[in-house]
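K.L.:
Questions regarding the structure given below will be posed in turn.
The values are calculated or read from the model by the stated rules, or taken from the named source; none is laboratory data. Computed from a predicted structure; not experimentally measured. When we count neighbours, we look across all protein chains shown, and the Cβ atoms used for this are built from the backbone with ideal geometry, even at glycine.
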Amino acid sequence: MGWWGRLKSGMAFAGTWWRCIKYSVQLPALPYGAKKFHAFHADFLCHESEQLGCFGHLEMFDIQLRSLKDAFFDPCCRFIPSFISPLQITIAASLSGLLSCLFATQQRVALSLTFWLLNRAFDCLDGALARHRKTASDLGGFLDLLADLTIYSLLPIAVAHGNVSDDANWKAVAVLESTFHVNNFILFYVAAVAEKLRAKSAEASKELTSVMMRPALIEGVESAVIFTLMLASPTKIWALSWTMAALVSVGILQRTFWVIGALAS
């Protein structure tokens, strides 16, 4: 493909993502439900697949895989002893994540990956157990999110530190961390707006997290995959950081346009 063909493909791809962002805010008065939003989003992406070709299947895997995650972890809850609480599992997830970061600074790839996978498993299990026992609480949700955001912030820094990174790597990690901060602000502002919309709605929606979050291009599953790649291939931290920063930035735009549409309506 020549330069003109690549330019046209790039413009078509950028145009499609712009339509995706605009589409995500067309219906701000809808009850804030991830499944319902994904249904609209999936219909739109099916239509856009004719324009995107091989990019036509780009969508949020996090929502798609939640049913798979529930199908695996929900039955496991029956075998967890009653003296083990969801909060204890949240603490175990936090410790596993911190150990993963510690071993990443020491370039001990196998151990960092092992504890990272334990962190992900415990992170799925604590919420499933709380829902299974009907003991879900705001405190548990707060601690779970606090642990996630802490580990997510530390992990790229730990990988870069263990990789004896040069300035280029540190700059990439710094940009990624900056997108995290902006995204976290928007996430919780979105949660506040979405909570108001849900309070006005007569239809209650099932939320799988303690804070309502507007779906975007990159979420839990996508983040976990990129972090796993960072731990498995520390030398690729530069490319992975820039890639993730770009994806998070798209999510920031998606959620920003949604907030603007919701507040302007």
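K.L.:
Going by the conditions given, is L149 crowded, with 22+ Cβ neighbours inside 10 Å, in contact with a helix residue (DSSP H, G or I) (Cβ under 7 Å, 6 or more places away or on another chain) and in a helix (DSSP H, G or I)?
P.N.:
no
K.L.:
Moving to a separate point now. Do we have any residue at all in the range 65-74 that's of a type in the set (D, E, K, R), more than 27 Å from L240 (Cβ to Cβ) and under 18 Å from the mean Cα position of the chain (by Cα)?
P.N.:
yes
K.L.:
Across the range 122-166, what is the number of residues that are farther than 19 Å from F180 by Cβ and either among the hydroxyl-bearing types (S, T, Y) or in contact with a Cys (Cβ under 6 Å, 6 or more places away or on another chain) (or both)?
P.N.:
So the answer is 5.
K.L.:
For the list (1) over 17 Å from the mean Cα position of the chain (by Cα); (2) of a type outside the set (S, T, Y); (3) over 20 Å from I186 (Cβ atoms), I need the number of the one condition that L240 fails.
P.N.:
(1)
K.L.:
Take the residues in the range 185-198 that are surrounded by fewer than 16 Cβ atoms within 10 Å (Cβ to Cβ) and modelled with pLDDT of 80 or more, then tell me which one is nearest to V250 (Cα to Cα).
P.N.:
Step one: filter the range 185-198 for residues surrounded by fewer than 16 Cβ atoms within 10 Å (Cβ to Cβ), giving 185, 188-189, 192, 195-196.
Those still in the list that are modelled with pLDDT of 80 or more too: 185, 188-189, 192.
Details: F185: 15, F188: 17, Y189: 17, A192: 21 Å.
It comes out as F185.
K.L.:
Could you tell me whether the range 104-114 includes any residue that is closer than 17 Å to S223 by Cβ and free of Cβ contacts under 8 Å to residues at least 40 places away in the same chain?
P.N.:
Within the range 104-114, not a single residue is closer than 17 Å to S223 by Cβ and free of Cβ contacts under 8 Å to residues at least 40 places away in the same chain.
K.L.:
Every residue in the range 145-184 that is in contact with a Leu (Cβ under 9 Å, 6 or more places away or on another chain) and at pLDDT below 90, please.
P.N.:
N184
K.L.:
From the set of residues in the range 243-265 that are of a type in the set (S, T, N, Q) and under 15 Å from the mean Cα position of the chain (by Cα), which is surrounded by the most Cβ atoms within 10 Å (Cβ to Cβ)?
P.N.:
Only one residue tops the list, namely Q254.
K.L.:
Moving on. Check I218 against each of (1) buried (at least 19 other Cβ atoms within 10 Å of the Cβ); (2) assigned to a helix (DSSP H, G or I) and name the one condition it does not meet.
P.N.:
(2)
K.L.:
Just give me the residues in the range 153-173 being within 21 Å of the chain's Cα centre (by Cα) and either within 30 Å of R78 (Cβ to Cβ) or of a type in the set (S, T, N, Q) (or both), in sequence order.
P.N.:
S153
K.L.:
Out of all the residues in the range 104-122, which are basic (K, R) and either part of a helix (DSSP H, G or I) or crowded, with 21+ Cβ neighbours inside 10 Å (or both)?
P.N.:
Answer for the range 104-122, where residues must be basic (K, R) and either part of a helix (DSSP H, G or I) or crowded, with 21+ Cβ neighbours inside 10 Å (or both): just R120.
K.L.:
Of all the residues that make up the range 214-228, how many are within 8 Å of the chain's Cα centre (by Cα), at pLDDT below 80 and not hydrophobic (A, V, I, L, M, F, W, C)?
P.N.:
2
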